[in-house]
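Read-outs throughout are calculated quantities, based only on the coordinates presented, and are distinct from any laboratory measurement. Source: prediction; values computed, not measured. All Cβ positions, even for glycine, are placed from backbone atoms using ideal geometry, and neighbour counts span all protein chains on display.
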Amino acid sequence: AEAAELRARLRAVRHTVLVLSGKGGVGKSTFSALLAHGLAADETKQVALLDIDICGPSIPKIMGLEGEQVHQSGSGWSPVYVEENLGVMSVGFLLSSPDDAVIWRGPKKNGLIKQFLRDVDWGEVDYLIVDTPPGTSDEHLSIVQYLSATRIDGAVIVTTPQEVSLQDVRKEINFCRKVKLPIIGVVENMSGFVCPKCKNESQIFPPTTGGAEKMCQNLSVSLLGKVPLDPQIGKSCDSGQSFLAEAPESPATLSYRNIIQRIQEYCEQHHLQEEKIM
Amino acid sequence: TSAERANLAGVRHIVLVLSGKGGVGKSTLSTELALALRHAGKRVGILDVDLCGPSIPRMLRVQDSAVHQCDSGWVPVFVGQDKAIALMSIGFLLERPDDAVVWRGPKKNALIKQFVTDVAWGELDFLIVDTPPGTSDEHISTVEALRPHQLLGAVLVTTPQ
């Protein structure tokens, strides 16, 4: 009966993309937010952003929604809308103060994730983007399990160039394979820095073992793109603004836009293939 | 139990390295702190309780090491220039380094308890405990298991944003 409830709620979701890493602090939430903004730029599309990082929910701040509350209605919990076509849900909205620690063990976290999926009234959604915490644990197992009621188009895996990140990301790729979650591709963040003054390029996080490019080659996954470091990215996140809108000329914006387009194409293609099969 | 007490009985100070946020440099700091304390002549151990993303073995170039058991429990891997820093990490228990540890809370808790009480640390001045990001199973279990012992306190790591 529970599975049927989830299926019903998620029936109106056309595409679902999970944003994963394995490593913390590589830019999952940043990327999830920009993916959501990028897809919602098309006003005919309805986009939903679900933040299941229960211990460290970054999405409210990044989307400029800190302090917002969740409202309940007859049809369920209402997401918080950034734009008419972009709705957000996060445990951050349920905390009475942003500094409250959510010190929960796995089973309680799983319960909340299930509630998010079952009780949030998303309405008709073209793209559901799910931002996850680092690791391969309760949250990740649960979201894959609960979302089996709908179809997950795939996972976007985020990394930075250094081996200490890649070694965790390889585990995440293996996790995806283990749970049969398709991998749309890998995004390499913090990939070089071009000084705006002297235009010299520096590798702040040197890819000592070949970076995401080599890893993708070795593991036969797609490299969706590399995004250079831009101090404006962190600033935009802190101020809750869309970096794509604040810095349209940045090389990082160009990279993000290309990556978002590739993800869109992947999802659309997937849909066509499925329809053919049916 | 007396066995549990014994393995940490010789440890004078336990320091937790925490954050909440990932990717801010907890493991890096834990490693550098251990190396600096060793350099100052202290007997040091590192316990890596990041089960999903154990970074310490690679940072100390022992990612290919294996661990053994003795009568009093797990024998740590000895690292550093003079092989005098004792390290225990789940990284050592993985058959292949790319294997994901895809465990739910209860299984993680059981392993952490074992790590804390079953490692034959011997006499140490400092045991540095590196943790994963968050405030969940690993953190609750680690603090619970360490509380009866000489828990000095926590160092919190962040970045500016």
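Tabulated data
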{"item": "Three-way shape call for the stretch A:208-278 based on the alpha-carbon gyration tensor, with the a/c threshold at 1.5", "result": "oblate"}
{"item": "Residue A:81-residue B:98 pseudo-label distance in nm [points 7 Å out on the Cα-to-Cβ vector]", "result": "4.6 nm"}
{"item": "Protection proxy ranking, peptides A:134-141, A:197-204, average beta carbon neighbours within 10 Å, highest first", "result": "A:134-141, A:197-204"}
{"item": "Neighbourhood charge, 12 Å Cβ-Cβ cut-off, centred on residue A:216 and excluding it, Lys, Arg +1 and Asp, Glu -1", "result": "+1"}
{"item": "Average beta-carbon neighbours from other chains, 10 Å sphere, peptide A:165-174", "result": "5"}
{"item": "Rounded to the nearest 20 debye, dipole of the stretch B:11-157 from Cβ charges on Lys, Arg, Asp, Glu", "result": "260 debye"}
{"item": "For chain B: relative contact order, % (alpha-carbon pairs under 8 angstrom, 6 or more apart)", "result": "44 percent"}
{"item": "DSSP-defined antiparallel bridges as percent of all bridges, chain A, nearest 5", "result": "20 percent"}
{"item": "Peptide-level mean, for B:128-137, of C-beta atoms on other protein chains within 10 Å", "result": "6"}
{"item": "Helix-only CD estimate at 222 nm, as mean residue ellipticity for the protein assembly as shown, using -39500 (n - 2.57) per DSSP H run (n ≥ 4)", "result": "-11500 deg cm²/dmol"}
{"item": "Sparse-neighbour loop sites [GluC sites (Glu not before Pro); the stretch A:227-265; at most 11 other C-beta within 10 Å; DSSP]", "result": "A:249"}
{"item": "Built amide H within the under 5 Å cut-off of residue B:22, gap 5+", "result": "A:25"}
{"item": "Cα-projected label distance for residue A:178 with residue A:124, points at 7 Å along beta-carbon direction, nm", "result": "4.0 nm"}
{"item": "For chain B: rounded, prolate or oblate by the Cα gyration tensor [a/c cutoff 1.5]", "result": "rounded"}
{"item": "Computed magnitude of the charge dipole of the protein assembly as shown (debye, nearest 20; Cβ of K, R +1, Cβ of D, E -1)", "result": "960 debye"}
{"item": "Segment residue B:161-residue B:67, extension gain: residue separation times 0.36 nm, minus the distance between their alpha carbons", "result": "30.0 nm"}
{"item": "The stretch B:83-161: GluC sites (Glu not before Pro) in DSSP loop, at most 12 other beta carbons within 10 Å", "result": "B:95, B:123"}
{"item": "Prolate/oblate/rounded call for the protein assembly as shown, Cα gyration tensor, a/c under 1.5 rounded", "result": "prolate"}
{"item": "Total formal charge among the other residues, if their Cβ is under 11 angstrom from that of residue A:26, Lys/Arg +1 and Asp/Glu -1", "result": "-1"}
{"item": "Peptide ranges B:23-29, A:231-237 listed from the most packed, as the mean C-beta count within 10 angstrom indicates", "result": "B:23-29, A:231-237"}
{"item": "Contact order normalised by residue count of chain A, Cα under 8 Å, 6+ apart, percent", "result": "24 percent"}
{"item": "Given A:108/B:26; B:42/B:83; A:197/A:235, the pairs whose alpha carbons are separated by over 21 Å", "result": "A:108/B:26"}
{"item": "Normalised contact order of the stretch A:1-133, rounded percent, pairs of Cα under 8 Å and 6 or more residues apart", "result": "44 percent"}
{"item": "³J(HN,Hα) computed for each position of the stretch A:242-248 - Karplus, 6.51 cos²θ - 1.76 cosθ + 1.60, integer Hz, glycine/proline x", "result": "6, 4, 4, 7, 6, 9, x"}
{"item": "Cα→Cβ-extended label distance, 7 Å offset, between residue A:151 and residue A:238, nm", "result": "4.3 nm"}
{"item": "Listed peptides B:98-106, A:39-47 by packing density, highest first (mean Cβ within 10 Å)", "result": "B:98-106, A:39-47"}
{"item": "Net charge contributed by nearby residues that have their C-beta within less than 12 Å of residue A:55 (K/R +1, D/E -1)", "result": "-3"}
